[in-house]
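The values are calculated or read from the model by the stated rules, or taken from the named source; none is laboratory data. Only a predicted model underlies this, so the values are computations on that prediction, with no experimental measurement involved. Don't worry about glycine lacking a Cβ; one is built from the backbone with ideal geometry, like all the others, and counts go over all protein chains shown. Side chains are part of the model used for accessible areas, which takes the heavy atoms of the whole protein and leaves out ligands, DNA and RNA. Shrake-Rupley method; radii C 1.70, N 1.55, O 1.52, S 1.80 Å.
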Amino acid sequence: MANYYLILTDYGSQRLAAAQADQQPIGISYLAAGDANGLPYLPQSRIDSTALINELVRVPIHAVNVVGQQVEVV
């Protein structure tokens, strides 16, 4: 069974913290996904990354909706 992760980089974590401190929204315009060339890795080992390993798709985000405990990205 495959495992999927959402990883915030150091830069992303800094932007999120600053936005929360200033109570300002963050503009996210794209969602990207990669497959790491089919090789497993621990997400914690990629925290200083600035790019995906083998990016496969990048799609525009038109809206983000919170529905209960889930987030829908449209």
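What number goes with the only condition from (1) of a type in the set (A, V, I, L, M, F, W, C); (2) open to solvent by 70 Å² or more (accessible area, probe 1.4 Å); (3) outside any strand (DSSP E or B); (4) in contact with a strand residue (DSSP E or B) (Cβ under 7 Å, 6 or more places away or on another chain) that residue 8 does not pass?
Single failed check for residue 8: (4).
Of all residues in region 45-60, count the ones that are within 18 Å of residue 11 (Cβ to Cβ) and either in contact (Cβ under 8 Å) with a residue 60 or more places away in the chain or out of contact with any Gly (no Cβ under 8 Å at 6 or more places or on another chain) (or both).
Qualifying residue count for the region: 8.
Please go through region 2-30 and give me each residue that is of a type in the set (A, V, I, L, M) and either farther than 19 Å from residue 47 by Cα or at pLDDT below 85 (or both), ordered by number.
2, 6, 7, 8, 19, 21, 26, 28
State yes or no: is residue 45 open to solvent by less than 80 Å² (accessible area, probe 1.4 Å), modelled with pLDDT under 85 and part of a helix (DSSP H, G or I)?
Answer is yes for this residue.
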